[in-house]
Amino acid sequence: MKTSEVYILIVPGWSSSGDDHWQSRWQRSLKTARRVEQADWYHPDRNAWVGTLISTVANSETDLPIVIVAHSLGVATAIHAVNELPPGMIAGAFLVAPADVDNAARWPVTSGYTFDRSAHGFAPLPMRRLPFPSAVVASTNDPYCSLERSRVLAQSWGARFIEAGTMGHINVSSGHGPWPEGLMQFGWFLKMVGEQMQARRNPH
């Protein structure tokens with residue numbers, strides 16, 4: 001399955017990733033990519049962010065399979081939205097550098113902002129198996145989520161786990177505006193999604 005054969009829904013985290021972030025680059029370069037636009041990127045609220053994601057999916061007006069590409073707090077948003085989305089609406093989710101909202105007190109101060117675990121409603125993070133193919137890409141030195149925690153999340157969600165090496169939070173600050181390895185991994189993931197869709201259509 002090629003990128004042109006799916007509707008790619010970009011789900012950024014806090015601050016909307018920024019123009020040079022790999023998510024923004026993918027949105028500009030992949031013709032079927034669209035972005036979830038939150039009303040307030042700097043004061044995240046679980047109900048508001050999840051509601052915006054659900055309405056974006058509902059209004060997507062596409063016949064293509066929808067594949068979520070989420071980063072950081074966008075991963076938490078997507079995971080919370082799963083049970084509120086109509087069954088079969090999402091074909092897959094590519095989840096990069098999940099933010100460990102249950103342990104937000106350990107996060108570094110980011111651009112003067114401190115994430116309050118209790119105020120925003122993202123914790124606890126759902127740990128149920130996802131009803132569609134998924135992959136978690138995690139760094140060995142992510143300040144927002146330990147590798148061990150990322151591995152536990154992937155296992156709980158039934159996701160393929162991809163250890164990306166020492167890549168920080170896999171964002172612009174860690175040197176990943178361009179992220180060609182990620183695009184290759186996404187291509188592999190779409191191949192897996194396509195194979196599973198084909199298997200469901202032809203069970204015998």
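Numerical summary
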| quantity | calculated |
| --- | --- |
| Residues listed by number, the stretch 118-138, amide nitrogen under 20 Å from R200 label point at 7 Å toward C-beta | 128-136 |
| Calculated over the stretch 35-156: convex hull of Cα atoms, volume per residue (Å³) | 102 |
| Ratio Rg/Rh, restricted to the stretch 139-188 and using Cα atoms, in which Rh is the Kirkwood radius | 0.98 |
| In Hz, Karplus ³J(HN,Hα) per residue of the stretch 158-172 (6.51, -1.76, 1.60; θ = phi - 60°; x = Gly, Pro) | x, 9, 5, 9, 10, 7, 8, x, 7, 10, x, 8, 6, 9, 4 |
| The chain, relative contact order [Cα under 8 Å, separation at least 6], % | 21 |
| R0 of 22 Å, Cβ-Cβ distance N141-A48: FRET efficiency to nearest 0.05 | 0.10 |
| Quotient of C-alpha Rg and 2.2 N^0.38 Å, computed over the stretch 1-107 | 1.02 |
| Q155-A123 FRET efficiency (beta carbon distance; Förster radius 22 Å; 0.05 resolution) | 0.70 |
| Relative pair counts by distance (%), Cα atoms of the chain, 5 Å bins | 1, 8, 17, 22, 22, 17, 8, 3, 1, 0, 0, 0 |
| Assigned charges on the beta-carbon of Lys, Arg, Asp, Glu; the chain dipole about Cα centre (debye) | 480 |
| Inter-part distance where the stretch 92-109 and the stretch 141-204 are each reduced to a Cα centre, Å | 14 |
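Readers should treat all values here as calculations from the given coordinates under stated rules, not as data from a laboratory. Computed from a predicted model, the values in this text were never measured in an experiment. Note that we place each Cβ from the backbone using ideal geometry, even for glycine, and neighbour counts take in every protein chain shown.
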